[in-house]
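What follows is a single structure, written as structure tokens, with notes after it.
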Amino acid sequence: MPETHSEPHLQHHFVALEQQQEASTLGMWAFLITEIMFFGGLFTLFTAYVSAYSEAFAEGSRHLDLVLGAVNTVVLIGSSFTMAMAVRSAQLGKRKALLGFLALTTLLGCAFLGIKGIEYAHKFKQRLLPGPAFRVDSPASQHVQLFFSFYFAMTGLHALHMVVGVGLMTWLLFHGWRGRFTPTYFWPVELSGLYWHFVDIVWIFLFPVLYLVARHS
Amino acid sequence: MTPHIVSTKIYVLVLAALLALTALTVAASFYDLGGGRLHYANAVTALTIAVSKATLVVLYFMHVRYSSHLTWVFVGAGVFWLLVLIGLTLSDVLTRGWLPSPGPWSS
Amino acid sequence: MSTLATARPANYLSVDPGVMSWLLTKDHKRIGILYLVSISVFFLVGAVSAAVIRLSLFTPEGALLHGQAYNKMFSLHGISMIFFFLIPSIPAVLGNFLLPLMIGARDVAFPRLNLLSWYIFVLGGASTLIAATTGGVDTGWTFYTPFSSIYSNTNVTLTAVGVFITGFSSILTGLNFLVTIHKMRAPGLSWSRLPLFVWAHYATSLIMILGTPVVAITLLMVGLERGLGIGLFDPALGGDPILFQHLFWFYSHPAVYIMILPSMGVVSEVIACFSRKRIFGYEFVAGSSLAIAVIGFFVWGHHMFVSGQSVYAGLVFSLLSFLVAIPSGVKVFNWTATLYKGSVAYHAPMLYALGFIGLFTIGGLTGLFLATLGTDVHLTDTYFVVAHFHYIMVGGAITGFMGGLHFWWPKITGWLYPEGWSRAAALLLFVGFNLTFFPQFILGYNGMLRRTYTYPPEFQVLNVMSTAGASILAVGYLIPVIYLLWSLRYGQAAGPNPWGATGLEWTAPSPPPPGNFEKIPVVTEEAYAYSTMETRRA
């Protein structure tokens, strides 16, 4: 491998830009694995509890707004599409398209958070926030509260990841606007994209698990 | 390693598939597909659709289809360990009622 | 030290010696030193609390501590030793220092993340220490619910936050090592030529990445439950405390392998060097590290045999637990076979390594008693368990750490320590350790419960033996501290390769320069080519 230290983005401890890029991508995947396990703990508990308290969890699930949940799913899938297109534009060196798709992704991400906020506000008004104020007219109200504990913990953690994602998008927009990304140096866009898609996948599971699966029984 | 640039057409097709699967899973949730107390059929349907959607995102949006074997191994490891966590925990939770013993589930 | 250091060629210690340059360093070697200093603080905290516990157990009614004070003391001991000393000990100190050197790289893949991981460690450590000094915590290092989430009146939240934060430092270290080993190896350094220390760290990194996030989310939930009372693990509200134990042990059992695998890596290097031989069955020793990491994730339920876990799950976990004995046995047999017909030299690192083999074997075999469902019902929560895991964590992990520190001290500092003192200290440690913990097997088997500050008078003789052993152990730790610090000022210059060892780290100067190598080395032979080395010398 030639020693090409003229490359401005090459850090000193790497031999070549290619090695640096591969290392970064692998690092991002390793990080995403930790994220899988992080959310995995919550999914494990949820699975255990749903098998024990299926009726109460179904009741909790029916309190959720299916329409808003479904709309949010569509919004997030749309944002994943625009993100993928942003990466593609970066690979091809199309600056305007990159900025456009990044802006769209940011917008859709914010829309998701906005809709989530409306849902939270409804739940708050309906006194479905776990804690002393929680009220639900049910013989198994404690177990319904458990459902909402999971609902808020899981969607809250997911929303937190969305906020970080929107922050990343803003950062990319700034640097993209300054023209920092080129067909040979686009991996910050690519890595942010991996993160964004991962957060999308978490929602792809959260939506059926919380809104759909338990509706019957 | 030159990056594989996926065509816009494939991205649009994946988007369409994801939206269609979302519609399908919402529609399926309105029917009682049976499967006893836990409505296994509904759960299996919804989770199968979710796994399909996730697979599409991973393969195309996240470019794993065009990535090295190492990436496949990493993704596979993540999924495998998640299944170990859920599976072995459920090996306890789901078999706890088999022997009569006082536990939180049986009360 | 500074006057002598200037006489040596420029190295990572002498270049830019200011405090700020240390605090902002991205050099993996300096970060290793930063970790060494910080984990030493926690070792001191853990060791002092252990001493207080042992002194208190001198008499059956508790000589020093009673009730909650005793509970806080053993909690402090467990939390600081496990989360803040053992888990980061070899990986974050020796691993950080040596991995890039061993694979012929200039640094780890993500130097900034590496520094960040140290700051995260310090932040988490500070939270825990603040929690300890402002009232302490009495849950034990296991944080079992619902005691931790509802009933305990101590600083559980702040301590859990500290452990939660520190978890991310462990994750970042693991992530960094994983990518470094995959992507930063020197030309010619194929997987089958990697030193076993690197293999061990690869396996360790896997556990750090896959396990740590689960304990992080679990502690987060304990914190949420304490703050909001939402009943995730509270039986009164429909929660199931056993699920906490599942998630906790999903990490905390493999965490034992985070402690022991790097030690095994050290032992492999040391045994090969001081037997002047290739490690017998290299491929199997390397593979057994991965096998331990993977199988280690299937066995956590053996901590929960009497918790109320289903008997059927207990059966499965018991069976799976036996599987870990296989790769562990493979390692012990291969090390022993390496010694066979080797020209063995008994330097201090080798004494530690041999001690490791013996103590780990005892710890491992008694682990089989505990993995057996029926026997465990008798032994659960007795001193038998305490003795077992101290044989693994102290007899194994810390002995390995001491061995590694002695083996690479000349590389890290450039100075030699006194040979006689170091051998004496290693022997003293071995004697003191066995005197401390072997009686605890007998105590536990006879029914002395752990985590209690009183015990029946008939157990006093063995407890006094144990306390006496602990004082010898303390001296065994103190002597190396003295002569290692002494060597910084009065030691002889080590030269690049004082042991005549193979491995790329020994081709760099001692201490290594900031970029490790003048030119990235090209590797042409296997890891332990001692026979070709001897031929070349002849």
Exercise. If one takes the longest principal axis of the Cα atoms in chain A, at what angle in degrees, from 0 to 90 and to the nearest 10, does the Cα axis of helix A:141-177 lie?
Worked result: 20
Problem set entry | Distance between segment B:23-80 and segment A:84-149 - C-alpha centres, whole angstrom | 20
Problem set entry | Scattering profile of chain A at q = 0.08, 0.11, 0.15 Å⁻¹ [log10 I(q)/I(0), Debye over alpha-carbon scatterers] | -0.37, -0.62, -0.95
For this session: Quick one: which residues, 5+ away or cross-chain, put their amide H under 5 Å from the amide H of C:GLY136? H built at 1.01 Å from N.
Result: C:ASN155
Exercise. How big is the charge dipole of the protein assembly as shown about its Cα centre, in debye rounded to the nearest 20, if each Lys and Arg gets +1 on its Cβ and each Asp and Glu gets -1 on its Cβ?
Worked result: 1320
Exercise. Quick one: helix A:187-206 against the long Cα principal axis of chain A, what's the angle to the nearest 10°, folded into 0 to 90?
Worked result: 10
Exercise. Can you give the relative contact order of segment A:17-215 as a percent, counting alpha carbon pairs under 8 Å and 6+ residues apart?
Worked result: 36
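What is the percent of Cα-Cα separations in the protein assembly as shown that go past 41 Å? Intermediate results must be reported in sequence, preceding the final value.
On the way: 140698 of 371091 pairs.
The proportion of pairs with Cα distances above 41 Å equals 38 percent.
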Seminar exercise, completed: Volume per residue (Å³) of the convex hull spanned by the alpha carbons of segment C:28-537 is 135
Seminar exercise, completed: Any residue on another chain or 5+ positions along whose placed amide H is under 5 Å from the amide H of C:TRP415 is listed here as C:ALA494
Seminar exercise, completed: Treating every alpha carbon of segment C:296-367 as one equal point scatterer without solvent, the Debye formula yields log10 I(q)/I(0) values at q = 0.11, 0.20, 0.24 Å⁻¹ of -0.41, -0.86, -1.06
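So which helices of chain C fit the span-like rule, where a helix is a whole DSSP H run, its Cα atoms reach 24 Å or more along the axis, and its mean Kyte-Doolittle is at least -0.5? Let's see the in-between values first.
Values: long enough: C:28-56 (41 Å, 1.51); C:111-133 (33 Å, 1.08); C:156-183 (40 Å, 1.39); C:196-228 (47 Å, 1.51); C:241-275 (50 Å, 1.20); C:311-339 (43 Å, 1.47); C:348-371 (34 Å, 1.72); C:419-445 (40 Å, 0.95); C:460-490 (45 Å, 1.25).
Those that clear 24 Å and a mean of -0.5 are C:28-56, C:111-133, C:156-183, C:196-228, C:241-275, C:311-339, C:348-371, C:419-445, C:460-490.
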For this session: Can you bin segment C:263-324 into rounded, prolate or oblate? Criterion: square roots of the alpha carbon gyration tensor eigenvalues sorted a ≥ b ≥ c, rounded for a/c under 1.5, prolate for a/b above b/c, oblate for the rest.
Result: prolate
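Classify segment C:305-437 as rounded, prolate or oblate from the Cα gyration tensor: take a ≥ b ≥ c as the square roots of its eigenvalues, call it rounded if a/c is under 1.5, otherwise prolate when a/b beats b/c and oblate if not.
prolate
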For this session: For segment C:170-209 and segment C:82-129, write down the distance between their C-alpha centroids in whole Å.
Result: 14
For this session: Report, by chain and number, residues whose modeled amide H sits under 5 Å from the one on C:THR382, excluding near sequence neighbours (fewer than 5 apart, same chain).
Result: C:ARG450
Problem set entry | Sorted peptide list for C:276-289, B:64-77, C:461-474, criterion being average Cβ within 10 angstrom, highest first | C:276-289, C:461-474, B:64-77
Exercise. Using alpha-carbon pairs under 8 Å, 6+ residues apart, how would you state the relative contact order of segment C:28-537 in percent?
Worked result: 18
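Taking each residue of C:315-324 in turn, how many C-beta atoms of other protein chains fall within 10 Å of its C-beta, and what is the average? Numbers along the way, then the final one.
Details: counts 2, 4, 3, 0, 0, 1, 0, 0, 0, 0.
The shielding value for this peptide is 1.
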Exercise. Put +1 on the Cβ of each Lys and Arg and -1 on the Cβ of each Asp and Glu in segment A:115-181; which of A:SER149, A:GLY167, A:PRO130 then has its Cα farthest toward the positive end of the dipole?
Worked result: A:GLY167
Seminar exercise, completed: Between the alpha carbon centres of segment A:28-83 and segment C:381-416 the gap in Å comes to 43
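Kindly identify chain B as rounded, prolate or oblate by the Cα gyration tensor criterion: order the square roots of the eigenvalues as a ≥ b ≥ c, call it rounded if a/c is under 1.5, otherwise compare a/b with b/c, prolate if a/b is larger, else oblate. Provide the component values of the computation, followed by the final result.
Values: a/c = 5.64, a/b = 1.65, b/c = 3.41.
It comes out oblate by the Cα gyration axes.
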Exercise. Of B:LEU83, B:LEU15, B:LEU24, which is the most mobile in a GNM of chain B whose springs link Cα atoms less than 10 angstrom apart?
Worked result: B:LEU83
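FYI, it's all coordinate maths here, none of it is from the lab. These numbers were taken from a predicted model, which means no experiment stands behind them. Cβ: placed from backbone, ideal geometry, glycine included. Neighbour counts: every protein chain shown.
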